[in-house]
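Undergrad: Quick one: structure below, then a few questions.
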Amino acid sequence: MMQPHTSAVIPCPLCRAPLRNTADFCEKCGAERHFGPRRIELISGMIGGCALITTASLLLRPFSLWTVLFALVGIFVGFFYAHVRFGVDRWLKGEGKHK
Ligand SMILES: [Zn+2]
């Protein structure tokens, strides 16, 4: 049986150690493959979107039920923004849990 050697190995983007292309983390430097936003990025996106849209709405009109609605819209916008911006396959420095 032939084994596909060459195409199955990729270099670690951080330390260049050879990795299997199905690997989720690098044993050498602890880098981890992430799909989608990390929790902190999701939360900061939601807070940022909420603050931004709430501020914008307060500039246009005084505080009212609309302000609350805009704040909720901002949270959703931030949530989707984080998924669009960070919704790719990324390698990040590991937090040490594989060491
Ligand atoms: Zn590595």
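The values are calculated or read from the model by the stated rules, or taken from the named source; none is laboratory data. Since the model is a prediction, treat every value here as computed from it, not as a measurement. Note that we place each Cβ from the backbone using ideal geometry, even for glycine, and neighbour counts take in every protein chain shown.
Undergrad: Could you please find all residues in segment 6-39 being away from the ligand (no atom under 15 Å from the Cβ) and not in a loop (DSSP other than H, G, I, E, B)?
TA: Passing the criteria: THR6, SER7, ALA8, PHE35, ARG39.
Yes/no per residue for (1) outside any loop (DSSP other than H, G, I, E, B); (2) farther than 30 Å from LEU14 by Cα; (3) at pLDDT below 95:
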position: ILE43; (1), (2), (3): yes, no, no
position: CYS50; (1), (2), (3): yes, yes, no
position: ILE53; (1), (2), (3): yes, yes, no
position: TRP66; (1), (2), (3): yes, yes, yes
position: PHE76; (1), (2), (3): yes, yes, no
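Undergrad: How many residues does segment 52-88 hold that are among the basic types (Lys, Arg) and more than 26 Å from ILE40 (Cβ to Cβ)?
TA: Adding up the residues that qualify gives 1.
Undergrad: Answer with yes or no whether VAL77 is surrounded by fewer than 13 Cβ atoms within 10 Å (Cβ to Cβ) and either within 30 Å of ARG33 (Cβ to Cβ) or free of Cβ contacts under 8 Å to residues at least 40 places away in the same chain (or both).
TA: The answer is no for VAL77.
Undergrad: Follow-up. Going through segment 39-51 one residue at a time, which ones are buried (at least 16 other Cβ atoms within 10 Å of the Cβ) and among the aliphatic types (A, V, I, L, M)?
TA: Listed by number, the residues that qualify are LEU42, MET46.
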